[in-house]
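First up is the structure itself, then whatever we jot down about it.
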Amino acid sequence: MNDALLTDDQRQFRDAVRVFVEREITPHATRWDLAETYPLELFPQLGKLGWLGTAFPEGVGGAGGGAVHYALMCAELARGSAAVALGIYVHTALAAAALLHLGDEAQQRRFLAPMLRGEKIGCWAYAEAGAGADVSTVATRARREGEEYVLDGAKLYITNAPFADVMVVVAASAPGQGMKGLSLFIVERGTPGVAVGAPIRKLGMGASPMAEIVFDGCRVPAANRLGAENQGFLRALKVLSLGRVASAAFGVGLGQAALDAAAAYARERVQFGQAIAKHQFVRFTLAEIATRLEAAWQLTLHAARLIDAGSPFDREASMAKLFASETCTWACERALHLSGAQGYMRESPAQRFYRDCKVLELGEGTSEIQREMIARSLGI
Ligand SMILES: Cc1cc2nc3c(=O)[nH]c(=O)nc-3n(C[C@H](O)[C@H](O)[C@H](O)COP(=O)(O)OP(=O)(O)OC[C@H]3O[C@@H](n4cnc5c(N)ncnc54)[C@H](O)[C@@H]3O)c2cc1C
C-alpha cells in the first residue's frame, strides 16, 4: 500500500508492528488455525509493547496515537493472521473502546487499564439467536433490583468468550423500547449466573474461539452499568468509531496477504514453459487485486484521518468498511484461484484467507446495513 503520506511516526509504528508480526505471528498462523487455538500470550506481549493502547489516551493507560495508527496496526495484524487480529480487534475496538467512551473513572481504572496492559481480555456480547442485523430485537433482559441488575438471556457467536475476563454485554433494560431501551453492562468472568458454552466451530477464523454466553439470574452491581440507563447502546453506536475503520483495515491487510501469496506462487509456478506470472490473465488479475486494495486502503485512511481530525466520519467509515470487506472477499477468492490446487490444500495460507475473509462482510454491521446507512446519509 502506498505509505507516502504517512507521518514519520505512523510509518515507524507500522514498520515496528510489521517486523513483530512477521516474526511472531505469520510463521505460526496456519498451525494456530488448524489447531483452533488462540495464542493468548500475545495479549500481554502486545500490552507490554503499548500497542493494545493504540488510539487510547495516556490518561487511561493508553499509548496515544490515533485512528490512523490503529488502522495500520489492524492491517498488519490481519496480514499475519486474521484470527489473531479478530481477537485483538474485539478486545480493543469494541470492549475497551466502550469502556473508554462510556466508562467512569472507577470502571476505567478497574477494567480498562488492565485490558490495555493485556492482563485482562475483553469481549463484546451483543448478538443473540434472535438479534443479528436488527439491533432492536435484543432479548437479554436487565432488571434493576436495588443496587444490582439481574441479567437473563443468552448471547451467541461471541468472539473471545471462552477466555474473556471482562464481558461488555448489551441488554434490554426497557424491553419493548428497541434501541432506546438497551444498556451496556460489564460482567466479570466467574460471576455467579454466567455460563460460557463450548467453543462453536466455524468456516474460518479457526484460531479465534467464539462461544455462547448464558445469563441465568446473573447479578451485576449497578456500578457495572456502562453509561446511562437505556442510553448505552445508542451512545456506543455514536462513539465506537474505531470499529468500522478497524474492520476496513482488517480487510485490506487480509487482502494484501492473499495478494502476496498469489504473486509469490505466480512468480515460481511454471506452466506452458514460463512462470504463470508472465501470462496476461494472471498479471491482469494481480494488477486488479492490487488496484482495488489500494482504493480500499485509501478509503480506510481517509475515514481514519477524519476521525483523527475530529470531523464527521460516519458515512466515510461505512463506505470504507463496505468497500474494503467486499474487496477482501473478492481478492481472497481470486488469489485462491491463481494459486491452483496447491492453494486449495489444508496447509496452504490461500485457503485460510478464503475461509477467513467472509466474516468481515457480516460483523460490525453487514454490507446491507452499511449500504442502508450510506443511503440515509444521501438523504434518501
Ligand atoms: C466469526 C464471527 C465472529 C463474531 N463475533 C461476534 C462478537 O464478538 N460479538 C457479537 O456480538 N457478535 C459477533 N458475531 C455475530 C455478528 O454480530 C452477526 O453476524 C451480525 O450482527 C449479523 O447478524 P446475523 O449474522 O445474525 O445476520 P442476520 O441478521 O440473520 O442477517 C442475515 C442476512 O440478511 C441481511 N439483512 C438483514 N436485515 C436486512 C435489511 N433490513 N435489509 C437488507 N438486508 C438485511 C443481512 O445483511 C445478512 O446478509 C460474530 C459473527 C461471526 C461470523
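Laboratory data are not the source of any read-out in this text; all were calculated from the coordinates shown. Source: prediction; values computed, not measured. Here the Cβ positions follow ideal geometry from the backbone for every residue, glycine too, while neighbour counts run over all protein chains shown.
Taken about its Cα centre, segment 8-120 carries a charge dipole of about 80 debye when Lys and Arg each add +1 at the Cβ and Asp and Glu each add -1 at the Cβ. Annotation note: GluC sites (Glu not before Pro) in segment 118-211 located in DSSP loop regions with a Cβ neighbour count of at most 15 within 10 Å are 119, 147. Highest mean packing comes first when the peptides 201-212, 98-109 are listed by Cβ atoms within 10 Å, giving 201-212, 98-109.
Spin-label model, residue 280 to residue 374: label points 7 Å out along the Cα-to-beta-carbon direction sit 3.2 nm apart.
With a cut-off of 12 Å on the backbone N, the residues of segment 335-349 near the modelled label site 7 Å out from residue 271 along Cα-Cβ are 337-343.
Ranking 4, 130, 310 by Cα position along the charge dipole of the chain, where only Lys, Arg, Asp and Glu carry charges on their C-beta atoms, puts 4 farthest toward the positive end.
Summing charges over all other residues whose Cβ lies under 13 Å from the Cβ of residue 179, with Lys and Arg as +1 and Asp and Glu as -1, gives +2. By the gyration tensor of its Cα atoms, with a ≥ b ≥ c the square roots of the eigenvalues, what is the shape of segment 8-120: rounded for a/c under 1.5, prolate for a/b over b/c, or oblate? Taking the square roots of the gyration eigenvalues as a ≥ b ≥ c, segment 8-120 is oblate.
Among the GluC sites (Glu not before Pro) in segment 318-380, those located in a DSSP loop and surrounded by at most 16 other Cβ atoms within 10 Å of their own Cβ are 347.
So which of 180/238; 155/358; 48/120 end up more than 23 Å apart by C-alpha? Going by Cα-Cα distance, every pair falls inside the 23 Å limit. Using the membrane-span-like helix rule (whole DSSP H runs, Cα extent along the own axis of at least 30 Å, mean Kyte-Doolittle hydropathy at least -0.5), which helices of the chain qualify? Sorted by number, the helices that extend far enough and score high enough are 241-268, 280-309, 314-338. Neighbours of residue 235, meaning other residues whose beta-carbon lies under 14 angstrom from its beta-carbon, give a summed charge of +1 when Lys and Arg score +1 and Asp and Glu score -1. The charge dipole of the chain, taken about its Cα centre with unit charges on the Cβ atoms of Lys, Arg (+1), Asp and Glu (-1) only, comes to about 480 debye.
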